1. Do the conditions hold for residue 184, that is, is it outside any loop (DSSP other than H, G, I, E, B), small (Gly, Ala, Ser) and under 16 Å from the mean Cα position of the chain (by Cα)?
2. Among the residues of segment 74-84, count how many are touching a Leu at 6+ places or on another chain (Cβ under 9 Å) and either under 20 Å from residue 123 (Cα atoms) or assigned to a helix (DSSP H, G or I) (or both).
3. Looking at the structure I just gave you, is residue 152 touching an Asp or Glu at 6+ places or on another chain (Cβ under 7 Å) and touching a residue at least 24 places away in the same chain (Cβ under 8 Å)?
4. Could you list, in sequence order, all residues of segment 50-106 that are surrounded by 11 or more Cβ atoms within 10 Å (Cβ to Cβ), hydrophobic (A, V, I, L, M, F, W, C) and more than 26 Å from residue 116 (Cα to Cα)?
5. Could you check segment 145-162 and list, in sequence order, the residues that are more than 16 Å from residue 187 (Cα to Cα) and in a strand (DSSP E or B)?
6. Out of curiosity, is residue 170 surrounded by 12 or more Cβ atoms within 10 Å (Cβ to Cβ) and assigned to a helix (DSSP H, G or I)?
7. Can you name the number of the only condition in (1) touching a Gly at 6+ places or on another chain (Cβ under 8 Å); (2) closer than 30 Å to residue 131 by Cβ; (3) exposed (fewer than 13 other Cβ atoms within 10 Å of the Cβ) that residue 279 fails?
Amino acid sequence: MDKLFNSNWLVRLTALLFAIALFFYVQSENNSTRSTPSAEQADVIEDVKLEVYYDDENLIVTGLPETVNVGIEGPMPIVMREKLAKDYKVFVDLNSLFIGEHRVTIQTENFSEKLEVTVYPQVVNISIEEKVTKEFRVEPEMNSRQINEGYVLKGMTVEPNYVFVTGAKSVMDNINYVKASIKAEDGITESFKQQANVKVLDRDLNKLDVTIQPEAVDINVEIDEYNREIPLTLKQVGQLPEGVTINELSLGQESVKVFGPQSIVDSINEVIAELDLSGLTESGEYEVIIQKPETPMKLSDEKVTVHANITIAEIESEEVTAEDPVTDGDTGEE
């Protein structure tokens, strides 16, 4: 056995086998190197958050997108790793810039050096302005056509009444309206409370890019039945009792509220209260019924008091006898 391992021809054979194996290994590596270009991959990472560095307490920056797309190209494993790891950063540093208009380039960090990185867009035009905060009164609004016929909007109150609006000075100068709009179903018949978002608008009712604090307010909507004060007219009916004379008749109130559809209520000029004169027997107060114009209307009062001042004449009664009575001292003799 020792003779076998000590023979020269066996050593030569072993060396030959190692040489052949090394040849095939080198060929395999060369083939892998030559195939590298075909393993290159291009991809796009969408909606990458753009980080912005500036004095956000005193300045407002406009013109920058919130997100950007990033194109990466390179070896497939590295492309896949970058998409999954998300260790990269896309940003603009504006700390060295002053108030005004600028053209800035979006930068990247922490991408592999083996990747070709392209940001879309690469360059953007921006504006740096002074940040301004003002307090505005909120104006509530709603579509009155949503209120059912026969009802009316009595008023609306907002809680809180005022909000703070923050934005670029040029934008703040264009504020004309700060509103909160009610959204409700048609046919409203009762009061309600609703939370509504605050809108900041220019004179053409375009929404402005500002920050609002608080963003929503509570609106109390007061709904009431439509009504109007209509004058009361006293109508006299029937016949006075014999010997009764009216000195004065007056109503306890001059008007009554009439509730109902506005088109009908507004056409009424007076409401009648009838007094039956045959019931006047003494001076004092008499309660009479107010005549309701028509359905579906109703009145605030169904009855009204009438103050009557009358005079009742004394009626003399005459007694008719067959003979005159005999008086003392009259004997009937001549």
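1. Working: outside any loop (DSSP other than H, G, I, E, B): no; small (Gly, Ala, Ser): yes; under 16 Å from the mean Cα position of the chain (by Cα): yes.
In short, no.
2. Start the filter on segment 74-84 by keeping residues that are touching a Leu at 6+ places or on another chain (Cβ under 9 Å), which leaves 74-75, 78-79, 82.
Filter once more, keeping what is either under 20 Å from residue 123 (Cα atoms) or assigned to a helix (DSSP H, G or I) (or both): 78-79, 82.
Counting residues in segment 74-84 that are touching a Leu at 6+ places or on another chain (Cβ under 9 Å) and either under 20 Å from residue 123 (Cα atoms) or assigned to a helix (DSSP H, G or I) (or both) gives 3.
3. yes
4. The answer is 59, 60, 61, 97, 99.
5. So the first thing to find is which residues in segment 145-162 are more than 16 Å from residue 187 (Cα to Cα), and the list is 155-162.
Those that are more than 16 Å from residue 187 (Cα to Cα) and in a strand (DSSP E or B): 155, 156, 157, 158, 159, 162.
6. Yes; evaluated as a whole, the condition is true for this residue.
7. So the condition that residue 279 fails would be (2).
Here's the yes/no breakdown for (1) loosely packed, with under 15 Cβ neighbours inside 10 Å; (2) under 51 Å from the mean Cα position of the chain (by Cα); (3) closer than 30 Å to residue 162 by Cβ; (4) not β-branched (Val, Ile, Thr):
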site: 214; (1), (2), (3), (4): yes, yes, yes, yes
site: 223; (1), (2), (3), (4): no, yes, yes, no
site: 231; (1), (2), (3), (4): yes, yes, no, yes
site: 239; (1), (2), (3), (4): yes, no, no, yes
site: 242; (1), (2), (3), (4): yes, no, no, yes
site: 263; (1), (2), (3), (4): yes, yes, no, yes
site: 266; (1), (2), (3), (4): yes, yes, no, yes
site: 270; (1), (2), (3), (4): yes, yes, no, yes
site: 284; (1), (2), (3), (4): yes, no, no, yes
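The values are calculated or read from the model by the stated rules, or taken from the named source; none is laboratory data. Bear in mind that the values here come from a model prediction, so they are computed numbers and not experimental data. Because the Cβ atoms are built from the backbone with ideal geometry, glycine has one as well, and the counts that use them run over all protein chains shown.
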